[in-house]
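Engineer: Have a look at this one before I ask anything.
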Amino acid sequence: MTGGGAGAGSGYLDAAATAPLRASARAAMLAVWDAGQANASSVHAAGARSRAVVEEARGRVAAAFGARPGEVLFTSGGTEANALAITGLALARPRGRHLVVSAIEHSSVLESARFLERVFGFELSVVPVDARGRVAPEAVAEALRPDTTLLSVGLANGEIGTVQAIGELAAHARAVGALVHTDAVQAAATLPVSFAEAPGEAGAWPGHSVDAMTLASHKFGGPQGVGALLVRTRLPLEPMLHGGGQERGLRSGTENVAGIAGFGAAVAESAAEVGTQALALMASRDALVARVRDAVPGAALTGDPEERLPGHASFTVRGVSGESLLVALDAAGLAVSSGSACAAGRSEPSPTLLALGIAPEVAQSALRFTLPDPIDDETIERIVRVLRAEVARAGAVGGRALDEGAALS
Ligand SMILES: Cc1ncc(COP(=O)(O)O)c(C=O)c1O
């Protein structure tokens, strides 16, 4: 990823919160503004130019994921796309009032499901995960019912990096006739992901197994405040935003033309490099994980050691608060997160870490590095020096064995 915007640089290790802006995305947005923005629904020539920009970006997003352009609905981001998928599919499909989600879904998924529970009388089954954050296909099979409308499981978790076997989970949902949505906000930016309807079309994973998939522009190095829901056109979908009838009547509101252009450019560039970038990120991630585990007393990896996002290294550091580690790293020019960005600043331990069986006092020591680009050994040593100093300062007990199930070391 070639970030050029503010916050980019070798010390920026928080790509899962927001990836550095790509030069191509910036250029695409500037081109819209420099040409003079117009409403993409206006009939004059300037409006037609804006419409062309939106449709070109739609084509780029579709092509990147093996989708058809008609399957791409632009939204204001991942949160809105998740809300539209869950409420829109559930309310449009009077199959039953039962939903299944995993215990480690992003809050925008979980809270949308809870909204349906609270306001529309849906029943919600929350499927547990194992100590690595994996959802067991058998647990999903057990939760599904003849009246289940929708299964929603994130392709990868932003806090712990664990990637799910979505095809297997989806197969169980299909067997009972339930729809499947996956929040691919984190996975799609760093792994080859496909929305192609037929197996083997444009890559196979998760491919034909899902009915709807969420994307967020800023995780690809595009602008914030733009995203998309990929959804099969044959499916009835109840809109959330009513009004002008944009986006096939499914998402009213004047399109964010420049933002959509930036999103399209970022996704196209990301898709072209995702395979090679993933390999390079994995090498850096593995070096960072190995060094932190060896050299930082009390450090343990969270999430799945193998089935995880390429640039994602998340830890707990026993006896030290994640916030204090974050502040110390920031002072050393290294931008990271404690857990997810949206949970930062809250004092409660992360529900995701608790769902893994990590004790609350250990969960509050969470620290997450998400690499936009490979990092060098010097950066890894800088990280280790800061963490060791913080552990020493906190008087943490070095090398002590972890409680069983607290985290994977
Ligand atoms: C997995 C996941 N889903 C959804 C979102 C929400 O996306 P946005 O903040 O763009 O609305 C995020 C943001 O971090 C995320 O990590």
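The values are calculated or read from the model by the stated rules, or taken from the named source; none is laboratory data. The structure displayed is predicted, hence computed values, not measured ones. Backbone-built Cβ (ideal geometry, glycine too); neighbour counts: all protein chains shown. With ligands, DNA and RNA removed, areas are computed over all heavy atoms of the protein, side chains included. Shrake-Rupley method; radii C 1.70, N 1.55, O 1.52, S 1.80 Å.
Engineer: Which value in deg cm²/dmol, rounded to the nearest 500, describes the helix-derived mean residue ellipticity at 222 nm for the chain, given -39,500 (n - 2.57) per DSSP H run of n ≥ 4 and division by the residue count?
Structural biologist: Per the formula, -12500 deg cm²/dmol.
Engineer: Take the Cβ-Cβ distance between ALA272 and VAL176 as r, set R0 to 25 Å, and report the resulting FRET efficiency rounded to the nearest 0.05.
Structural biologist: 0.05
Engineer: Something else: What helices does the chain have that are whole DSSP H segments, at least 15 Å long along their own axis by Cα, and with mean Kyte-Doolittle hydropathy of 1.0 or more?
Structural biologist: Qualifying helices, which must be both long enough and hydrophobic enough, are 78-92.
Engineer: List the GluC sites (Glu not before Pro) within segment 259-350 that fall in a DSSP loop (any state other than H, G, I, E or B) and whose Cβ has at most 14 other Cβ atoms within 10 Å.
Structural biologist: Taking segment 259-350 and a limit of 14 other Cβ atoms within 10 Å, the loop GluC sites (Glu not before Pro) found are GLU306.
Engineer: Suppose we keep just the DSSP beta bridges with both residues in segment 23-270; what percent of those would be antiparallel, to 5?
Structural biologist: Expressed as a percentage, antiparallel bridges in segment 23-270 total about 40.
Engineer: Also, quick follow-up: Give the long-range amide H neighbours of LEU356: residues separated by 5 or more places, or on another chain, with amide H under 5 Å away, using H modelled in the peptide plane at 1.01 Å from N.
Structural biologist: Result for LEU356 returns nothing.
Engineer: A further question follows. Taking amide H atoms as placed 1.01 Å from N in the peptide plane, list the residues 5 or more away in sequence, or in a different chain, whose amide H sits under 5 Å from that of THR75.
Structural biologist: Excluding prolines and chain starts, which carry no amide H, the hits are GLY227, ALA228, LEU229.
Engineer: For the chain, what is Rg from Cα atoms divided by 2.2 N^0.38 Å, rounded to two decimals?
Structural biologist: Working: Rg = 21.2 Å, N = 409, 2.2 N^0.38 = 21.6 Å.
Dividing the Cα Rg of the chain by 2.2 N^0.38 Å gives 0.98.
Engineer: Also, I was wondering about something else. Percent relative contact order of segment 275-393, based on C-alpha pairs within less than 8 angstrom and at least six residues apart? Before the final figure, lay out each step's value.
Structural biologist: Details: 167 pairs, mean separation 41.4, N = 119.
Relative contact order comes out at 35 percent.
Engineer: Which whole-angstrom value gives the distance between the alpha carbon centres of segment 140-198 and segment 250-320?
Structural biologist: If you average the Cα positions of each part, the centres end up 19 Å apart.
Engineer: Accessible area per residue for segment 66-122 in Å², computed with a 1.4 Å probe and the full protein assembly in place, what is it?
Structural biologist: That works out to 35 Å² for each residue.
Engineer: Further question: Loop only per DSSP, at most 15 neighbouring Cβ atoms within 10 Å: give me the trypsin sites (Lys or Arg not before Pro) in segment 217-272, ordered by residue number.
Structural biologist: Qualifying residues, ordered by number: ARG234, ARG248.
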